[in-house]
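I have placed the structure first, in the form of structure tokens, so that the comments after it can refer back to it.
The values are calculated or read from the model by the stated rules, or taken from the named source; none is laboratory data. All values derive from a computational prediction rather than experimental measurement. Here Cβ is always computed from backbone atoms with ideal geometry, including for glycine, and neighbour counts include all displayed protein chains. Areas reflect the complete protein model, heavy atoms only, side chains present, ligands, DNA and RNA absent. Shrake-Rupley method; radii C 1.70, N 1.55, O 1.52, S 1.80 Å.
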Protein chains: 2
Amino acid sequence: MTTTLPAPEVQDAPAPAPARAATRADVARAAGVSTAVVSYVVNEGPRRVAPHTAARVRAAIAALAYSPNVAARSLRKGSSEMVGLVVPDIGNPYFAELARAVEVAASEQGLLVALASSQADGDVERELMAELSSRNVDGLLVSTVRPPEHLPPPPPGHRPTVLVNASRPYPGYAAIGADAAQGAYDVVDHLLGVHGHTSVALVIGASTERLPEPREEGFANAFAAHGLPPGPVVRTVFSRTGGYEALRRILSWRHRPGAVFLSSDEQASGAYRAVREAGLECPEDIALVAYDGTSHSEFSWPPMTVSRQPIAAMARAALATVLGSSPVGNHQEFATELVVRRSCGCP
Amino acid sequence: MTTTLPAPEVQDAPAPAPARAATRADVARAAGVSTAVVSYVVNEGPRRVAPHTAARVRAAIAALAYSPNVAARSLRKGSSEMVGLVVPDIGNPYFAELARAVEVAASEQGLLVALASSQADGDVERELMAELSSRNVDGLLVSTVRPPEHLPPPPPGHRPTVLVNASRPYPGYAAIGADAAQGAYDVVDHLLGVHGHTSVALVIGASTERLPEPREEGFANAFAAHGLPPGPVVRTVFSRTGGYEALRRILSWRHRPGAVFLSSDEQASGAYRAVREAGLECPEDIALVAYDGTSHSEFSWPPMTVSRQPIAAMARAALATVLGSSPVGNHQEFATELVVRRSCGCP
DNA sequence: TTGAAAGCGCTAACAA
DNA sequence: TTGTTAGCGCTTTCAA
């Protein structure tokens, strides 16, 4: 301990810092006004305050370093001024970028973001949603790991919820996502059409669902459009390691595909490493393209050709949707953008 | 308004769904007890309740789907069961990993994490700290962008705060960080001692401080230990682009250094790209090493030699410190680990 | 233009 | 073991 405690009973000593924060009553007293006036000044309404009075109040606020107690305001107004965000893993660059976008959009509205990771576990996700809801978040954004058939409709009393990163509709929920089928189609079509590949593998997560994943669908559609049989599909986890293992597998095949479509930036990161480790060059020996297109993909070598999700726009829309309590059961789909860089073979 | 108000005086009509959430008073009425008893049951204390009474209360809670109002509890108790985390940018892989570690540690204690990004702006950071504090977070973890001389002591009433990612003491604050000077020393010493480099450049952020940055200090010390004059220092922003620009600059020098020490993984990511783009190979043409060592560094090619921060351990310690209201003004320093991979020239 | 005061829902000290 | 009640700090209606 290098600091010394102030002597407790000495009244005339320079005032020791008060143990508690200044309240609106302290400010009112210091400014010689009522607490209502302080409120009017702080909130710039709902009543007008004479400029001179307002100045006095502001001076008192500054002098006391007063800052309103959000918990009290939240109780009084019945809103927590907070949105909840549930993602599978904040360490994944896609979700990190999503979190940043949500945070930026939220802070523009004076809202805080409560962040929770489901660890890609549906049960954890459910608990987290209930927990956040009971905290009266003004809105709940969830990137669910559960397929529609495993996501029960929101229980009564749940806060307004919107599913983000949802590439298809979820009955009973508002959902927002990129058009992943089209995104997958675009980037695979580029490989097939522009570069003349005939064999492209897909690396994607394990299928836990009845319906085909949209990226898988777009992948297959691109082949169909070119009159080709669909390429092989490798299922693995959505992680760097997953992408790494998948490529190791693919590179060991007798007939190695000319290109691979990675269904996420994170998998692509692992894939690059496996290719390099095998002493191969991208795109000369094998072309790599991906879905997501976070800033990560721009800094791999060679820079990665991707279908990019409009993360910022989707985050903004998600927030607007959940705060405006839009009709449930609809699905807002955002177009992806084909970003051609070098990993596909383009110069 | 689609709901109809209950007819006020009709006692026997089937109760229409209440327009508002049930409160503790509703539960008390339904169970025929006082609100205090409901509190005791909900919180399992601080007074004992007769089993039979408790059962009645629990039945009423279930029947009314009552869930406590967190804002009210938070106001009353001065605690929100939430910790605040302020980082410069959640999109940076280091902070994403830190956020994940904090979130994991917090959820083990039943705490939620409120996340806020300062955008590397000291004023925003200050506001965010005040905002989070006024929400009665139980603890505040801040990765400050301000040097000690620009970080005023916590104002009265501020919640317990600990600075994370702090590589030196901050007067008036508890601070936790890795021993960056030693980490920098280790990795530069490896370059100098094992690989026989004589010229190593440092890429680091702009210096806004009086004291030398610890990484810069460690960098210089390593040269001194080898009887060498310190290498050149390039100051840029802490971002991928910063690292990219810095390497472009370095590669244009007449006497190109044999190796570069990047002071963060993020800068290293940009650096790799600049090296590749120049048609150079790492480590043959120029060796690259970095500080931070997030999982990112493992998946670059070649895999990056780094001094790795023990992020999970530091996050856990930060939470323990802030919740235990440890003495201020101390500095917990964690050792980094030299992780030798390939970018330094090791096989 | 300003002030007084009634709660928002909850906890816990105090009383019974 | 249970009930009564005084606030926590704030917003806002109502009165002056």
A:Arg341 long-range amide H proximity, modeled H, under 5 Å: A:Thr305, A:Val306
Among B:Thr23, B:Thr144, B:Thr305: highest mean-square fluctuation, GNM of chain B, C-alpha pairs under 10 Å: B:Thr23
Tail beyond 25 Å, pair distance distribution of the range A:175-307 (Cα, percent): 15
Long-range HN-HN contacts of B:Val113 with modeled amide H, under 5 Å: A:Leu115, B:Val83
Equivalent ellipsoid semi-axes, the range A:16-110, via Cα gyration tensor eigenvalues times 5, rooted, Å: 35, 16, 12
Shortest-first distances to equivalent copies, position B:Thr35, nm, label 7 Å out along Cβ: 1.7
The protein assembly as shown, accessible area per residue, ligands and nucleic acids excluded (1.4 Å, Å²): 45
In Hz, Karplus ³J(HN,Hα) per residue of the range B:140-148 (6.51, -1.76, 1.60; θ = phi - 60°; x = Gly, Pro): 10, 9, 10, 9, 6, 9, 9, x, x
At 7 Å out from Cα toward Cβ: B:Arg249 inter-copy label distances (nm, ascending): 4.6
Drop in accessible area of at least 40 Å² in the complex versus isolated chain, residues of the range A:57-83, 1.4 Å probe: A:Val70, A:Ala71, A:Leu75
Longest segment of chain B lacking trypsin sites (Lys or Arg not before Pro) that sit in a DSSP loop with at most 12 other Cβ atoms within 10 Å: B:49-209
Label 7 Å beyond Cα on the Cβ vector: B:Gly193 copy-to-copy distances, nm: 5.8
Amide H contacts under 5 Å for B:Thr336, placed H, 5+ residues apart: B:Asp179, B:Gly183
Förster radius 45 Å - calculated FRET efficiency between B:His226 and A:Ala278, Cβ distance, rounded to 0.05: 0.75
Most fluctuating residue given options A:Ala335, A:Ala180, A:Ala63, as computed from a GNM of chain A linking Cα atoms under 10 Å: A:Ala63
Equivalent ellipsoid semi-axes - Cα gyration tensor, the range B:50-187, angstrom: 37, 17, 13
J(HN,Hα) series, the range B:318-324, from Karplus relation 6.51 cos²θ - 1.76 cosθ + 1.60, nearest Hz, glycine and proline x: 5, 5, 4, 5, 6, 7, x
Volume per residue of the C-alpha convex hull in the range A:43-91, rounded to whole Å³: 135
Span from the the range A:54-102 Cα centroid across to the the range A:281-347 one, whole angstrom: 29
Relative counts (whole %) of C-alpha pair distances in the range A:24-69, using bins that are 10 Å wide: 33, 62, 5
From phi via Karplus (6.51, -1.76, 1.60), per-residue ³J(HN,Hα) for the range B:298-312 in Hz, x at Gly/Pro: 7, 10, 7, 10, x, x, 8, 7, 9, 9, 9, 7, x, 4, 4
Average projection area in nm² (convex hull over Cα atoms of the protein assembly as shown, one quarter of hull surface): 38.1
The range B:180-309: antiparallel DSSP beta bridges as a percent of all, rounded to 5: 0
Chain A, relative contact order [Cα under 8 Å, separation at least 6], %: 16
Equivalent ellipsoid semi-axes - Cα gyration tensor, the range A:231-347, angstrom: 32, 15, 12
Range of Cα positions in chain A per principal axis (Å), largest first: 87, 51, 38
Distance in nm between pseudo-label sites at B:Ala312 and B:Ala335 (7 Å out along the Cβ direction from Cα): 1.9
0 to 90° range, to nearest 10: angle between helix A:93-108 axis and chain A longest Cα axis: 30
Chain lengthening between B:Ala320 and B:Ala21 when straightened (0.36 nm per residue, less Cα-Cα): 104.1 nm
Fluctuation leader among B:Val37, B:Val102, B:Val86 - chain B, Gaussian network, Cα springs under 10 angstrom: B:Val37
Net length gained if the chain between B:Val233 and B:Leu211 were fully extended (0.36 nm per residue, minus Cα distance): 6.4 nm
